[in-house]
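Worksheet: the structure to be examined is printed underneath.
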Amino acid sequence: MIVVLGLKGGSGKSTLAIHLAVAASPGVLLADSDPQGTALAWAQERGKSEPTVVAALPYQLRARIAVEASGLVVVDTAPRLEADVPGLAALGDLIVIPIRPTMPDLAASQSTVRIAQASGRPFVIVFNAVHYRSPDATEAHEAMSGQYEVAPVMLGQRTAYARALASGRAVSEFEPGGKAAEEIAELWTYLKQKLQGQKPVSESSLNVDLKQRRRNEIAAKRA
């Protein structure tokens, strides 16, 4: 089970949960435990059977999984403690924490990280909504990776994510050859290997010089 965790609204938690569920399909159950119901609304717009999306409040989750899950479960959690976020974190085989690389978001992320640490479950930080012109993400990656495990793949601030979700799709379906689809595919490869208990071979191949990657994107934009 992957539990996507974040106590700060706007971190991209639901977007990430949806895209991981699509990337890992078929046979995936996406459990929406956030009262905002973003994943459920997306599923209604989608009109497809994969991934299976269900509403599951924290106290219902075990029962729903027992009845409906046959493979990987991805859980989109609520951004507040009273929704039993610590209890959900403790159920995960892997906790994924999306964070925007800004000072307020980095500061707010400490509460989420403490919950992940207290759960005793492995967790990884994913930097999200990274602006290609900003050095903040590279600096944040370097700072956080000295303390925690940080995914080598960062997700850009791209309109493709919002446009895909609005149409009931993921970026791999909306714009298969785009940067966003490439990022999600790389991130899922990395996370899948962590779930399988392997040292991700992608760490050497994907953890390229982050500064060079940003320079490449800037050059592509200017071309």
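The values are calculated or read from the model by the stated rules, or taken from the named source; none is laboratory data. Just so we're clear, the structure is a prediction, and the values are computed from it rather than from any experiment. Because the Cβ atoms are built from the backbone with ideal geometry, glycine has one as well, and the counts that use them run over all protein chains shown.
Of note:
- Residue that is surrounded by the most Cβ atoms within 10 Å (Cβ to Cβ), among those in segment 128-147 that are of a type in the set (A, V, I, L, M) and either part of a helix (DSSP H, G or I) or free of Cβ contacts under 8 Å to residues at least 60 places away in the same chain (or both): A137
- Single residue of segment 83-120 satisfying the filter (under 16 Å from the mean Cα position of the chain (by Cα) and assigned to a loop (DSSP other than H, G, I, E, B)) that is surrounded by the fewest Cβ atoms within 10 Å (Cβ to Cβ): D93
- Close pairs from segment 3-23: first in a loop (DSSP other than H, G, I, E, B), partner hydroxyl-bearing (S, T, Y), Cβ under 6 Å, at least 6 apart: L5/T77; L5/T112; G6/T112; L7/S111; L7/T112
- Residues located in segment 1-23, provided they are surrounded by fewer than 22 Cβ atoms within 10 Å (Cβ to Cβ) and closer than 16 Å to D93 by Cβ: M1
- Extreme residue, modelled with the highest pLDDT, among residues of segment 24-34 that are surrounded by fewer than 22 Cβ atoms within 10 Å (Cβ to Cβ) and part of a loop (DSSP other than H, G, I, E, B): V28
- Scanning segment 148-171 for residues that are assigned to a helix (DSSP H, G or I) and either under 15 Å from the mean Cα position of the chain (by Cα) or among the aliphatic types (A, V, I, L, M) (or both) gives A160, Y161, A162, A164, L165, A166, V171.
- Of the numbered criteria (1) in contact (Cβ under 8 Å) with a residue 24 or more places away in the chain; (2) surrounded by fewer than 17 Cβ atoms within 10 Å (Cβ to Cβ); (3) among the hydroxyl-bearing types (S, T, Y); (4) out of contact with any helix residue (DSSP H, G or I) (no Cβ under 8 Å at 6 or more places or on another chain), the one T159 fails is (1).
- Which numbered condition A55 fails, given (1) touching a helix residue (DSSP H, G or I) at 6+ places or on another chain (Cβ under 8 Å); (2) closer than 17 Å to S172 by Cβ: (2)
- Residue match in segment 106-125 (condition: more than 27 Å from L40 (Cβ to Cβ) and among the hydroxyl-bearing types (S, T, Y)): no
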